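Structure first, then comments.
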Amino acid sequence: MPLDMELEAVLRPPALEMKPYPPKVITLANGKKMVVREAKREEVPTLLEAVHPTLFIPRDFYDIVGARLYAELLAWYRYRVRNEYCLVGQIDGYLVGIVNGRMVDEKVGMSYHTLAIDRGLRIGAHLFAAKMEHHIEYLGQSEVLIVAESPIGFRRWMIEYGLEPTEIQHELGGPDSYRLTREMYFDSKPRLVVGDRPAPRDLLDYALENVFVADEETINVKIAGLKGR
Ligand SMILES: CC(C)(COP(=O)(O)OP(=O)(O)OC[C@H]1O[C@@H](n2cnc3c(N)ncnc32)[C@H](O)[C@@H]1OP(=O)(O)O)[C@@H](O)C(=O)NCCC(=O)NCCS
């Protein structure tokens, strides 16, 4: 059924102008090159395919994070959320991690989720850093509000960045937010934010033209060592 665009105009939220995230390439501990780039809205159906298997993996809270990320990406695709962006990590074209967030207003960023589909290489840590880089350096915001939904997330964000607790309710509805300020970001940057720019043209073009999703069994094995589910 064609969309009623008059009604859609009422259902769709207003949108702030958002600066693009310039792509970069990170050389991981195993020598593999991970392209980190902003995803396009049209790519959401492919991203959903990559997230879907995690909905059934309770280990390390992949299920709750996957289910929420799935809904947030769909909301972006269907114009039901304000000012969302999504960054992806790709190795040889394969999606290995996804992060997203949104601008609440010009100054405040809301961090949504970080999902690493391949593990043991700090892919999630690097993508979270890229997300903070986007909020502070490219979207030009003064702070980012963050919560963790897993102990690994808590170690990676609250402890590694020394985030400050607040009494501000986070949009995800759980505990109060922690805050990353511009100062904290620039203090942590030399230690935690890595990658080379400009991304080499051949690597970037390959990543843009070849977005692969590992099959469900491979994702299960990579995330949780579960075989033959
Ligand atoms: C949190 C997360 C993004 C971190 O990603 P990452 O930086 O790439 O880190 P990994 O998940 O690979 O590794 C985390 C730890 O688990 C261990 N680990 C690695 N592979 C593993 C596997 N297959 N199964 C279980 N544990 C594994 C690592 O040794 C690592 O230990 P360390 O903290 O001492 O370094 C990722 O664990 C994830 O997506 N978790 C589920 C969703 C989530 O919790 N998101 C964050 C909350 S919003």
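List the aspartates and glutamates whose Cα lies under 14 Å from the Cα of LYS131, skipping any in the same chain that are fewer than 8 positions away. Straight-line reach from LYS131, under 14 Å: GLU38, GLU84, GLU143.
Structural descriptor for segment 18-224: relative contact order 24 percent, calculated from alpha carbon pairs under 8 angstrom and at least 6 residues apart. Amide H contacts under 5 Å for CYS86: ALA39, restricted to partners 5 or more places along the chain or on a different chain, H placed in the peptide plane at 1.01 Å from N. Calculate the length of the line joining the C-alpha centroid of segment 52-125 to that of segment 1-48, in whole Å. With segment 52-125 and segment 1-48 each reduced to a Cα centre, they are spaced 11 Å. Phi angles across segment 112-120 convert, under the Karplus curve 6.51 cos²θ - 1.76 cosθ + 1.60 with θ = phi - 60°, into 3J(HN,Hα) values of 8, 9, 10, 9, 9, 8, 10, 10, x Hz, Gly and Pro given as x. 3J(HN,Hα) couplings calculated from phi for segment 65-82 with the Karplus curve 6.51 cos²θ - 1.76 cosθ + 1.60 (θ = phi - 60°) are, in sequence order, 5, x, 5, 5, 4, 4, 5, 5, 5, 5, 4, 5, 4, 9, 6, 10, 8, 8 Hz; Gly and Pro show x.
Basic side chains Lys and Arg get +1 at the Cβ, acidic Asp and Glu get -1 at the Cβ, and with that the dipole of segment 18-224 about its Cα centre reaches some 320 debye. How would segment 70-168 be classified by its alpha-carbon gyration tensor: rounded, prolate or oblate, with rounded meaning a/c under 1.5 and the a/b versus b/c comparison settling the rest? Judged from the Cα gyration tensor, segment 70-168 comes out oblate (a/c at least 1.5, b/c at or above a/b).
Laboratory data are not the source of any read-out in this text; all were calculated from the coordinates shown. Just so it is clear, the structure is predicted and the values come from calculations on it, not from any experiment. Every residue, glycine as well, gets a Cβ built from its backbone with ideal geometry; the counts of neighbours run over all protein chains shown.
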